[in-house]
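Right, one structure below, let's go through it.
The values are calculated or read from the model by the stated rules, or taken from the named source; none is laboratory data. As the structure is a computational prediction, the values presented were derived from the model and not from experiment. Heads up, the Cβs are rebuilt from the backbone with ideal geometry, glycines too, and the neighbour counts pull from every protein chain shown. Side chains included, ligands, DNA and RNA excluded: accessible areas come from the protein's heavy atoms. Shrake-Rupley method; radii C 1.70, N 1.55, O 1.52, S 1.80 Å.
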Amino acid sequence: MRKPWIVGMLLTGVLVLGACGDPSSGPEKAPPSPAVPGASASTTHQQAPASPGAPAVAPRVLYLGDSLAMEAQNVLGQELRRDLRAKYTSAPYSGTTLCDYLEGTGAKSLVPDGDKAAALVRAQHPDYVVMQFWGNAWGYTWCMDGITYNASPRQYFTRYEADLRRLTEQIAAAGGSRRPRIVWVLQGPDPITPDRVRRVNRMYERQAAASGDLVADAGATVSPAGARYTWSQYLPCTAYEHEHGDYCTQPGRDRTALHLDKDYLHFCLAPTTSTPKPCPVRSPGILRITREITRVIGERVRTR
């Protein structure tokens with residue numbers, strides 16, 4: 001039986017183009033800042049029909065993150081508009097990590113100054129800032145100063161936790177009296193470094209608890225039942241996926257694909273390209289993740 005780590009080791013160029021994740025397969029040098037169509041912050045004003053339980057006041061939601069957010073941004077916007085009538089802005093950049101969105105990094109960042117988290121909070125006045133980061137572990141971006149999980153796990157976690165605090169502080173200061181709630185998205189299993197993702201997720205949870213923010217355990221929706229950190233390419237189809245056949249990719253086997261054969265990290269069922277962009281095909285993993293994020297925000301909005 002093919003082991004999950006074999007799938008990971010088959011990756012060659014897939015993760016180089018924008019991934020975020022494992023310490024053994026990334027490039028040695030950071031690429032130039034991407035000029036990606038649609039990567040800078042953009043607000044879409046079209047409204048999808050809202051669900052009957054939509055809140056009376058539409059929340060303003062800002063979505064930031066790495067390649068996982070890049071591929072999911074259109075679907076999250078669709079879900080938030082339909083269920084919550086949300087006013088939605090997204091500005092993900094592939095290959096990034098938390099420090100890329102910090103102000104004060106200068107040229108050592110893959111995110112331009114106008115799309116830093118605090119800058120967008122000042123410009124957009126969101127109620128919620130959704131942050132989805134795999135936890136760049138391989139030195140892909142300059143702002144990590146060469147710190148990688150593979151070379152020094154302790155230094156990597158210390159730096160990551162410090163960046164979590166700084167980013168929270170910058171977002172809070174930018175929001176002022178209208179401080180937005182941050183929604184930290186917990187990540188799914190990693191077959192290469194499973195403990196790294198577990199620890200990064202715990203950091204998100206601790207930071208959210210300390211600052212009164214929120215956690216969306218989207219990673220649990222792409223994990224086997226009862227095995228939160230066990231990676232799987234396929235999971236049983238949910239009731240929703242059975243009802244919407246395009247999302248149950250193998251109905252005869254009652255299972256759906258979350259990943260392509262040669263990409264254990266991303267959830268888009270179309271191959272990555274040299275120009276990072278939103279996923280162009282229906283992908284069960286992306287829908288599962290974005291529906292959980294939407295559920296968490298909706299639960300908060302409706303109880304305010």
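Could you list, in sequence order, all residues of region 103-115 that are under 30 Å from Glu299 (Cβ atoms) and crowded, with 24+ Cβ neighbours inside 10 Å?
Val111
Is it fair to say Ala39 is of a type in the set (A, V, I, L, M, F, W, C), open to solvent by less than 20 Å² (accessible area, probe 1.4 Å), modelled with pLDDT under 50 and part of a loop (DSSP other than H, G, I, E, B)?
yes
Which residue out of Ala54, Ala86 is open to solvent by less than 50 Å² (accessible area, probe 1.4 Å), more than 18 Å from the chain's Cα centre (by Cα) and modelled with pLDDT under 90?
Selected residue: Ala54, the only one of Ala54, Ala86 that is open to solvent by less than 50 Å² (accessible area, probe 1.4 Å), more than 18 Å from the chain's Cα centre (by Cα) and modelled with pLDDT under 90.
Looking at this structure, is Tyr264 of a type in the set (Phe, Trp, Tyr), open to solvent by 30 Å² or more (accessible area, probe 1.4 Å), assigned to a loop (DSSP other than H, G, I, E, B) and in contact (Cβ under 8 Å) with a residue 40 or more places away in the chain?
Considered against the rule, which asks whether it is of a type in the set (Phe, Trp, Tyr), open to solvent by 30 Å² or more (accessible area, probe 1.4 Å), assigned to a loop (DSSP other than H, G, I, E, B) and in contact (Cβ under 8 Å) with a residue 40 or more places away in the chain, Tyr264 comes out as no.
Determine which member of the set Arg202, Arg198, Arg179 is in contact with a helix residue (DSSP H, G or I) (Cβ under 9 Å, 6 or more places away or on another chain) and either touching a residue at least 60 places away in the same chain (Cβ under 8 Å) or of a type in the set (Lys, Arg) (or both).
Arg179 is the lone residue from the list that is in contact with a helix residue (DSSP H, G or I) (Cβ under 9 Å, 6 or more places away or on another chain) and either touching a residue at least 60 places away in the same chain (Cβ under 8 Å) or of a type in the set (Lys, Arg) (or both).
Is it true that some residue in region 241-262 is hydrophobic (A, V, I, L, M, F, W, C) and either modelled with pLDDT under 95 or under 14 Å from the mean Cα position of the chain (by Cα) (or both)?
no
Pick out, from region 144-245, the helices (runs of 4 or more DSSP H) lying fully within it that include 2 or more residues that are in contact with a Ser or Thr (Cβ under 8 Å, 6 or more places away or on another chain) and over 24 Å from Phe267 (Cα atoms).
153-175, 194-211
Taking Thr89 and the conditions (1) closer than 21 Å to Thr290 by Cα; (2) among the polar types (S, T, N, Q); (3) assigned to a loop (DSSP other than H, G, I, E, B), which numbered condition does it fall short on, given that it satisfies the others?
(3)
Just checking, does region 199-209 include any residue being touching a strand residue (DSSP E or B) at 6+ places or on another chain (Cβ under 7 Å) and of a type in the set (Val, Ile, Thr)?
No, there is no match, as no residue in region 199-209 is touching a strand residue (DSSP E or B) at 6+ places or on another chain (Cβ under 7 Å) and of a type in the set (Val, Ile, Thr).
Considering only region 103-127, state which residues are touching a residue at least 60 places away in the same chain (Cβ under 8 Å) and either assigned to a helix (DSSP H, G or I) or out of contact with any Leu (no Cβ under 7 Å at 6 or more places or on another chain) (or both).
Within region 103-127, Glu103, Ser109, Leu110, Val111, Pro112, Gly114, Asp115, Leu120, Ala123, Gln124, His125, Asp127 meet the criteria.
Any residue that is open to solvent by 30 Å² or more (accessible area, probe 1.4 Å), within 29 Å of Arg60 (Cα to Cα), out of contact with any Ser or Thr (no Cβ under 8 Å at 6 or more places or on another chain) and hydrophobic (A, V, I, L, M, F, W, C) - is there at least one of those in region 280-287?
Yes; the residues of region 280-287 include at least one that is open to solvent by 30 Å² or more (accessible area, probe 1.4 Å), within 29 Å of Arg60 (Cα to Cα), out of contact with any Ser or Thr (no Cβ under 8 Å at 6 or more places or on another chain) and hydrophobic (A, V, I, L, M, F, W, C).
To keep it simple, each residue is scored yes or no on (1) among the charged types (D, E, K, R); (2) open to solvent by 20 Å² or more (accessible area, probe 1.4 Å).
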| site | (1), (2) |
| --- | --- |
| Val130 | no, no |
| Asn136 | no, no |
| Arg178 | yes, yes |
| Ile182 | no, no |
| Ile192 | no, yes |
| Arg199 | yes, yes |
| Gly212 | no, yes |
| Ala218 | no, no |
| Ser223 | no, no |
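Regarding region 71-81, can at least one residue be identified that is touching a Phe, Trp or Tyr at 6+ places or on another chain (Cβ under 9 Å) and either assigned to a loop (DSSP other than H, G, I, E, B) or modelled with pLDDT under 95 (or both)?
Checking region 71-81: not a single residue is touching a Phe, Trp or Tyr at 6+ places or on another chain (Cβ under 9 Å) and either assigned to a loop (DSSP other than H, G, I, E, B) or modelled with pLDDT under 95 (or both).
With Asp127, Asp115, Asp145, Asp100 as the choices, which residue is farther than 21 Å from Arg60 by Cβ and at pLDDT 95 or above?
Just a single option satisfies the conditions, and that option is Asp100.
Going by the structure shown, is Thr238 out of contact with any helix residue (DSSP H, G or I) (no Cβ under 7 Å at 6 or more places or on another chain), open to solvent by 30 Å² or more (accessible area, probe 1.4 Å) and free of Cβ contacts under 8 Å to residues at least 24 places away in the same chain?
So Thr238 does not fit the description; no.
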